[in-house]
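The values are calculated or read from the model by the stated rules, or taken from the named source; none is laboratory data. Remember, predicted model here, so these are calculated numbers, not experimental data. Positions of Cβ are backbone-derived with ideal geometry, glycine not excepted, and every protein chain shown enters the neighbour counts. Remember, those area values only see protein heavy atoms, side chains included, never the ligands or the DNA or RNA. Shrake-Rupley method; radii C 1.70, N 1.55, O 1.52, S 1.80 Å.
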Amino acid sequence: MNTAIIGLGNIDSQLAKNLTAGGENVIVADRTLAKAEKLATELGGKATPMPVADAISKSDVVVLAIYFDAIKDLLATYRGALAGKVIVDPSNPIAPDEKGGFKKTIPADQSSGQLIAALLPEGAELVKAFGTLGAVSLASGVNRSPERAVLFYATDYPEAGSAVARLITASGFSPVRVGGLDQSIRIEVGGDLHEFGKLGKLVSAQEAEALV
């Protein structure tokens with residue numbers, strides 16, 4: 001299974017680092033190839049830099065680690081190439097507010113997971129994952145002992161969910177499914193299972209059982 005990470009911000013670069021440290025081969029891509037090449041050099045032989053179009057065509061799982069609005073544009077541009085892929089959405093539709101915090105950029109009762117799912121080409125299967133922790137926690141919480149920390153995910157597709165759960169495990173966390181995509185809002189910023197929401201911290205699988 002080939003995994004591509006599109007977009008290389010702080011969270012996404014840390015995800016690539018965690019996956020390669022866990023033995024996964026990943027394709028890294030960004031708007032500028034130089035940025036992907038720089039990260040691949042830092043990560044060693046298990047990361048391959050590619051232009052976005054090539055990364056999508058050569059992968060089975062595509063992690064859209066870019067802003068919510070940019071995801072919508074990318075889906076329109078590469079619609080044909082994304083058909084039949086497992087699409088991972090870690091996005092959080094937020095923007096700075098006037099008080100120094102953040103606010104949702106979509107209605108409070110909507111989730112980016114469900115909105116993105118509605119835009120996918122036929123045959124593509126969405127998994128909401130890898131967006132429940134910030135970059136600091138993705139770095140500090142990896143391979144935590146004696147109990148691993150959890151990364152939650154949501155999907156309507158069992159096989160796609162299993163593929164992403166395997167990636168979560170390889171990245172040094174325990175995968176916990178919260179339900180279908182109608183539960184995506186719970187694992188986005190402000191949700192009850194997000195680090196920057198009601199949950200407010202890393203939790204173990206045993207702690208997560210009481211929450212899901």
task: Considering every residue within the range 127-137, establish whether at least one is over 24 Å from P107 (Cα atoms), among the aliphatic types (A, V, I, L, M) and open to solvent by 50 Å² or more (accessible area, probe 1.4 Å).
output: yes
- request: Sort through D156, D109 and tell me the only one that's among the acidic types (D, E) and in contact with a helix residue (DSSP H, G or I) (Cβ under 7 Å, 6 or more places away or on another chain).
  value: D156
- prompt: Which number in (1) closer than 23 Å to G23 by Cβ; (2) surrounded by fewer than 16 Cβ atoms within 10 Å (Cβ to Cβ); (3) of a type outside the set (D, E, K, R) marks the one condition that L151 misses?
  reply: (2)
query: What's the number of the condition Q206 fails, among (1) of a type outside the set (A, V, I, L, M); (2) within 19 Å of N92 (Cβ to Cβ); (3) surrounded by fewer than 18 Cβ atoms within 10 Å (Cβ to Cβ)?
result: (2)
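Among the residues of the range 70-107 satisfying the criterion of being of a type in the set (S, T, N, Q) and outside any helix (DSSP H, G or I), which is modelled with the highest pLDDT? Working first, answer last.
Here is the first cut: in the range 70-107, the residues of a type in the set (S, T, N, Q) are 77, 91-92, 105.
From what's left, outside any helix (DSSP H, G or I): 91-92, 105.
Values: S91: 89, N92: 86, T105: 75.
Ranking the qualifying residues of the range 70-107, first place goes to S91.
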field: Sole exception among (1) small (G, A, S); (2) buried (at least 20 other Cβ atoms within 10 Å of the Cβ); (3) touching a helix residue (DSSP H, G or I) at 6+ places or on another chain (Cβ under 6 Å); (4) closer than 26 Å to A21 by Cα for G141, by number
entry: (3)
- prompt: Of everything in the range 81-118 that's among the aliphatic types (A, V, I, L, M) and more than 17 Å from the chain's Cα centre (by Cα), which residue is surrounded by the most Cβ atoms within 10 Å (Cβ to Cβ)?
  reply: A81
field: Tally of residues being open to solvent by 10 Å² or more (accessible area, probe 1.4 Å) and either under 17 Å from the mean Cα position of the chain (by Cα) or within 19 Å of F130 (Cα to Cα) (or both) across the range 66-76
entry: 7
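Residues in the range 156-164: is at least one aromatic (F, W, Y) and farther than 21 Å from G22 by Cβ? Working first, answer last.
The initial filter retains those residues of the range 156-164 that are aromatic (F, W, Y), namely 157.
If we keep only those that are farther than 21 Å from G22 by Cβ as well, we get 157.
Yes, because at least one residue in the range 156-164 is aromatic (F, W, Y) and farther than 21 Å from G22 by Cβ.
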